[in-house]
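Read through the structure below, which is laid out as structure tokens, and then see the notes.
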Amino acid sequence: MNEPIRQHWVPKVYLRQFATADTLGDLDPQVNVLDIPSNKQFTTSIHNIAKKKHLYTIGVNEKEKLYAVENVLSLIETKVQPYLLRLANGENVQSIQNAKYILSIFIATLITRNPRMRNLLHQLRKEDHPITQDYPEEAKKWLIDQDDEGMQIFFSRSILWSAKPLAKDLLNMKWCLIHAASGEFVTMDNPVCVYNANESPYGIGTPGTNIHLAISPKYMLLISNDLPIDENKTHRMPKECISGFNSVIIWRAERYLISANTFDSIQNLIRESRK
């Protein structure tokens, strides 16, 4: 039995939409990657990017390891694949039956399944962590007493625990598809951009929170409570607006930018966004 040891936090089913032109549609497509700290560009298989051994495995040090979370995430990826492909081909999300429901679950797991979230949860064990100051004493003690394996279980299970309420919040928001009339979208190793210009801290349900997810080089999904968007239209955006969305993507990237093309044309944008 092949065990799913190498686990992707940016799913291959998503990265396929950003394959280079000469590998698009291949079983093992390539993507262009920019390592932001070194500013080095390289091309690699989608199998080799945004993955980590045993990221979601429960009982990593045990003889019998549990891959339940990875298996559920794989099932979600299988379900969402045709919807991602149809959006990447320009079909409006409102016109595709069940698209919002399936995509909301997929996006909810994307928000929580990454190493950054795992590290944030591990930091909650600090006695003076600002997030836990208002927690009940029993909850704070439980967190402080957890070892690494306990926090690994907490992280892995929290991906699925949090998916339902996050997906429900997403379903209640407005959705539309944005078309890059000129220029193109890039993506990253933390592909769901959640941001709020007026509030901190904030969550998905906070007024003024906007979410965007690049679906392909030419299409982006925009989700918002407050923007005056027509959900039944695909909105064509000029190059200046595309640069604005890409700036947020670059700013939110953990380490890698990912694109179907090289990054030479947006180097100035990268320098400005990473100051």
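The heavy atoms of residue 20 present about 10 square angstrom of accessible area, all protein chains included, probe 1.4 Å.
Residue 26 sits with roughly 70 Å² accessible to a 1.4 Å probe, with DNA, RNA and ligands left out of the calculation.
Considering only protein heavy atoms and a probe of 1.4 Å, how much of the accessible area of the chain is carbon and sulfur, as a whole percent? Carbon with sulfur: 51 percent of the solvent-accessible area. Matching the structure-derived Rg and Dmax of the Cα atoms in Å against the labelled list (i) 18.4, 62; (ii) 19.0, 57; (iii) 20.0, 65 gives the label (ii). Rolling a 1.4 Å probe over the protein heavy atoms gives the chain an accessible area of 52 Å² per residue. In summary, the convex hull built on the alpha carbon positions of the range 73-126 has an orientation-averaged projected area of 4.5 nm².
In loop segments of the range 209-271 as defined by DSSP, the trypsin sites (Lys or Arg not before Pro) with at most 16 further C-beta atoms inside 10 Å of their C-beta are 233, 255. Using only side-chain charges placed at the Cβ, +1 for Lys and Arg and -1 for Asp and Glu, the dipole size of the range 22-155 relative to its Cα centre rounds to 260 debye. Every helix of 4 or more DSSP H residues in the chain counts as -39500 (n - 2.57), and over all residues that averages to -11500 deg cm²/dmol at 222 nm.
Beta bridges assigned by DSSP with both partners in the chain are antiparallel in approximately 90 percent of cases. How far is helix 239-252 tilted off the main Cα axis of the chain, in degrees rounded to 10, range 0 to 90? Rounded to the nearest ten degrees, it is 20. Sparsely packed loop sites in the range 114-145 (the trypsin sites (Lys or Arg not before Pro) outside DSSP H, G, I, E and B with at most 13 other Cβ atoms within 10 Å) comprise 126.
Of the GluC sites (Glu not before Pro) in the range 185-245, the ones in a loop by DSSP (not H, G, I, E or B) with at most 15 other beta carbons within 10 Å are 199, 231. Using the Cβ of residue 104 as centre and a radius below 11 Å, the other residues enclosed give a net charge of +2, where K and R count +1 and D and E count -1.
The values are calculated or read from the model by the stated rules, or taken from the named source; none is laboratory data. Please read these numbers as outputs of a predicted model, since none were measured by experiment. Cβ: placed from backbone, ideal geometry, glycine included. Neighbour counts: every protein chain shown. Side chains are part of the model used for accessible areas, which takes the heavy atoms of the whole protein and leaves out ligands, DNA and RNA. Shrake-Rupley method; radii C 1.70, N 1.55, O 1.52, S 1.80 Å.
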